[in-house]
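Here's the structure, in structure tokens; my notes come after.
No lab work stands behind these numbers, since they all come straight from the coordinates. Computed from a prediction, not measured in an experiment: that's the story for all the values here. Neighbour counts run over all protein chains shown; Cβ positions are idealised from the backbone, glycine included.
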Amino acid sequence: MPNDSREKILRRIREALSVKAPARHLVHTENRGHPGETGSTIVPATGWLPPVPDSPIGLLALFEKNSLDLKTDVRRCTDAAAVVSELAALALENRWQSVGSHHFALGNEAVSALGLPVVFTDQPYETAALERCDAGVSGCECLVAQTGGILVTSASAGGRVLSVLPPHHVVIASACQMVGDLSDAFDVLRKTHESPPSFASFITGPSRTGDIERILVLGAHGPKKLTVLLVQA
Amino acid sequence: MSTESVQFHHDADRLTHDLRHRALIQKALGGYYLKRDEQKAKYTDWQQARASAAAAKYEAVNHLDEYLVEFADKLAARGTKVFWAADGAEAVEYIASVARGADVKRIIKSKTMTGEEIHLPQALEKAGLEVVESDLGEFIVQLRDEPPYHIVFPSMHLTRGEIDDTFQKKLGSAHANTPEELTMIARGVMRQKYCAADMGICGANFAVAETGQISITENEGNARLSTSLPRVLVSIVGIEKVVPKLDDLAVLLPMLATAGAGQNMTCYNTLLGGPRQPGETDGPTEFHVVLLDNRRTSLLADPEQRDALHCIRCGACLNVCPIFKNIGGHSYGTTYQGPIGSVITPHLRGLQSWKHLSFSSSLCGACHEACPVKIDLHHHLLQNRRNAIAEKPVWWEKPIFAGFAWFMRHPALYRLAAPMLRLGAPVLHAIRGKSFDPVRMWTGTRDLPPAPPRSFKEYWRDRNAKR
């Protein structure tokens, strides 16, 4: 449908912007420094957010604390063998009949060791078959300590659907995938992808809603449970 | 008075006296205040974070042409069809034509206030398409044939009992007692809808110019399912949603969650940069982004109130507004309720028809304090009042003020009037609010303090005499 609205809208915008607007937000940023620093130091905007520790141990602890608040189940695994047994234990606990997954280094062994039917989403698959799966097992791009988030993309988590359709999402990640804040997570994206991914999502806890009397209910439309198997570096 | 104003006063009057409604809203918001304050306390400096967020939006809105073009070009480069819509009708017509062209029958919609603004669901239903809201709160109000009550919490005015009734009547579901059971009923219904839908419709919380991605914030996972399962996806994006850099989201996403719902970060924050790419196995094969003006440019043309376009639709100003808490979301009769709605609706839909919203404010400034991007909301309400009066003066105001000024310049008259007022006070008390009270519009809902035994002038004279 051809139309000239693009030019019309841009013309209106340019006309409107010919008069400058006052920059009111600047009033409070002058003469006020970051605690412990001089007023003239430029602090990156993320510096005002909840603080993030520097050490890997501190980041891990913060991620685990946030996960606890979010009701994400984080289980530490010492090595690859521990991942296999931890995933098998999850399958048994939750009586999984079938799982969805994709091919990724940290998960291949553990998923095939389950001995369950697997719907692989990194090859053509049927949505209905994935919908019947009891769990989706995926990798991720990175983990975000500040928010307790997990960054997934199509490439790292078996497409757009695997991490949201099955009622239980299990992420297998390495502790060295931990980053501080969202800005660090964007750096990871820039390093691993030539162009921005067509799909990326920060998953911060199991799906939830408060739409009925503002009472928290888990598993609104997405997974009711979220488990992170964290392999120690 | 405009018909909108008459309706507003009628609804507001009814709900202000509805104590059950007030208790419900206060209970819902009480939980929000606690969680919001808990999260805000974790920030290194919330006020500085606000300034940073405001700076990002200021940069975007004041260079809107550049960033919009960058955003649209980057999106288009990876196979997304970008459509610029000057008004709602153009947007609706385009989306309907996309649906026709792709042989769409069923549509699943995730929450979009911009879609509400242009009455998109209603228009598509009229075109013979099935449109289902997937956000739980929106789904509930859709079943009840009501507009959303609040831009973030669409069903906060309903109790579980009322929702249970609605589900039993409209879905034929069994009686449910708890929010959890009710949520699971909706989940079951919706699962089938996602898989059967041909088209998904979503909004966008942010549009990232640097990378050509839209960003969608949600908790339920309905937006993720609606944007990844159907073969066609349409996102409707107000032109003011653009932000320059991906890193701007590193501040805006946590702040949106904290201000909007008292969360550290909402459950899903999704970036979409195109349809299914070569080598990918799922996601829509067609992706359309509709950039909507719909008079946003006239708000942009007002430099005094331009920062109202910084709004990230978190709803924080609604949650703290004494007016909203008393009259409720539906009384506004607008897509956007609360202080932000009162500020922008006159720009989007006509000042004279919607000026009454700006007059219905205590100007307490709680909205400005709560706003994560520091929109000067209460001053904008005042400016709307000024602009409305300048455009269409009220004939009796000028003579009244002139008379008052003349009176105040004559101390003799003033001295004479004070004792007379004291004599008249019992009469005023007796007739206060009655049908024959000439100023009952004012006195009907206000107390008149008893007249003091002596005026200040008399007190001062006596005090000095004693010395």
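Can you pull out the residues in the range B:361-386 that are more than 13 Å from every other protein chain (Cβ to nearest Cβ) and out of contact with any Pro (no Cβ under 8 Å at 6 or more places or on another chain)? B:Leu363, B:Gly365, B:Ala370, B:Leu382, B:Arg385, B:Arg386, listed by residue number. Would you point out the residue of the range B:9-63, among those that are charged (D, E, K, R) and within 7 Å of another protein chain (Cβ to nearest Cβ), that is nearest to A:Leu62 (Cα to Cα)? Checked the range B:9-63; the qualifying residue nearest to A:Leu62 (Cα to Cα) is B:Lys42.
For the range B:194-201, the condition holds for no residue, the condition being that it is without any contact (Cβ under 8 Å) to a residue 12 or more places away in the chain and either farther than 26 Å from A:Phe199 by Cα or surrounded by fewer than 17 Cβ atoms within 10 Å (Cβ to Cβ) (or both). When we screen A:Leu226, A:Leu230, A:Leu143, A:Leu218 for residues that are more than 10 Å from chain B (Cβ to nearest Cβ), within 18 Å of A:Leu90 (Cβ to Cβ), of a type in the set (A, V, I, L, M, F, W, C) and in contact (Cβ under 8 Å) with a residue 12 or more places away in the chain, the only hit is A:Leu230. The C-beta contact set for the range B:63-91 (first residue touching a residue at least 12 places away in the same chain (Cβ under 8 Å), second residue surrounded by fewer than 19 Cβ atoms within 10 Å (Cβ to Cβ) and among the aliphatic types (A, V, I, L, M), distance under 6 angstrom, 6+ apart or interchain) comprises B:Val82/B:Ala76. For A:Ser163, indicate whether it is among the polar types (S, T, N, Q) and in contact with a Phe, Trp or Tyr (Cβ under 9 Å, 6 or more places away or on another chain). Considered against the rule, which asks whether it is among the polar types (S, T, N, Q) and in contact with a Phe, Trp or Tyr (Cβ under 9 Å, 6 or more places away or on another chain), A:Ser163 comes out as no. Restricting attention to the range A:180-197, the residues that are hydrophobic (A, V, I, L, M, F, W, C) and either out of contact with any helix residue (DSSP H, G or I) (no Cβ under 7 Å at 6 or more places or on another chain) or more than 7 Å from chain B (Cβ to nearest Cβ) (or both) add up to 3. The single condition among (1) under 25 Å from A:Val231 (Cβ atoms); (2) more than 10 Å from every other protein chain (Cβ to nearest Cβ); (3) not in a helix (DSSP H, G or I) that A:Ala200 does not satisfy is (2). Considering only strands (runs of 3 or more DSSP E) fully contained in the range B:192-241, which possess at least 3 residues that are away from chain A (no Cβ under 11 Å)? Result: B:199-202, B:232-238. Just one residue in the set B:Glu138, B:Glu146, B:Glu116 is assigned to a helix (DSSP H, G or I), within 26 Å of B:Ile344 (Cα to Cα) and touching a residue at least 40 places away in the same chain (Cβ under 8 Å); that residue is B:Glu116.
Only a single criterion out of (1) touching a helix residue (DSSP H, G or I) at 6+ places or on another chain (Cβ under 6 Å); (2) loosely packed, with under 12 Cβ neighbours inside 10 Å is not satisfied by B:Ala388, namely (2). Going through (1) in a helix (DSSP H, G or I); (2) within 21 Å of A:His168 (Cα to Cα) one by one, A:Gly58 falls short only on (2). Taking the criterion of being of a type in the set (A, V, I, L, M, F, W, C) and either free of Cβ contacts under 8 Å to residues at least 12 places away in the same chain or part of a loop (DSSP other than H, G, I, E, B) (or both), the residues of the range B:258-305 that qualify are B:Met265, B:Cys267, B:Ala301. Taken over the range B:424-440, the criterion of being out of contact with any Ser or Thr (no Cβ under 7 Å at 6 or more places or on another chain) and surrounded by 10 or more Cβ atoms within 10 Å (Cβ to Cβ) is satisfied by B:Gly424, B:Ala425, B:Pro426, B:Leu428, B:His429, B:Ile431, B:Lys434, B:Val439, B:Arg440. Any residue in the range A:63-88 that's more than 14 Å from chain B (Cβ to nearest Cβ): show its pairings with residues that are assigned to a helix (DSSP H, G or I) and surrounded by 16 or more Cβ atoms within 10 Å (Cβ to Cβ) at Cβ separation under 6 Å, as long as the two are six or more apart or on different chains. That search, which allows pairs on different chains as well, returns A:Val74/A:Glu64; A:Val74/A:Ser67; A:Arg75/A:Glu86; A:Cys77/A:Val83; A:Cys77/A:Glu86; A:Val83/A:Ala110; A:Val84/A:Ala110; A:Leu87/A:Ala110. Is one or more of the residues making up the range B:391-401 assigned to a helix (DSSP H, G or I) and within 26 Å of A:Pro22 (Cβ to Cβ)? Yes, the range B:391-401 contains at least one residue that is assigned to a helix (DSSP H, G or I) and within 26 Å of A:Pro22 (Cβ to Cβ). Residue count for the range A:151-175 satisfying the condition of being more than 11 Å from A:Ser138 (Cα to Cα), touching a residue at least 60 places away in the same chain (Cβ under 8 Å) and either assigned to a loop (DSSP other than H, G, I, E, B) or within 11 Å of chain B (Cβ to nearest Cβ) (or both): 2.
Taking the criterion of being crowded, with 21+ Cβ neighbours inside 10 Å, in contact with a His (Cβ under 6 Å, 6 or more places away or on another chain) and not in a helix (DSSP H, G or I), the residues of the range B:337-375 that qualify are B:Val373, B:Lys374, B:Ile375.
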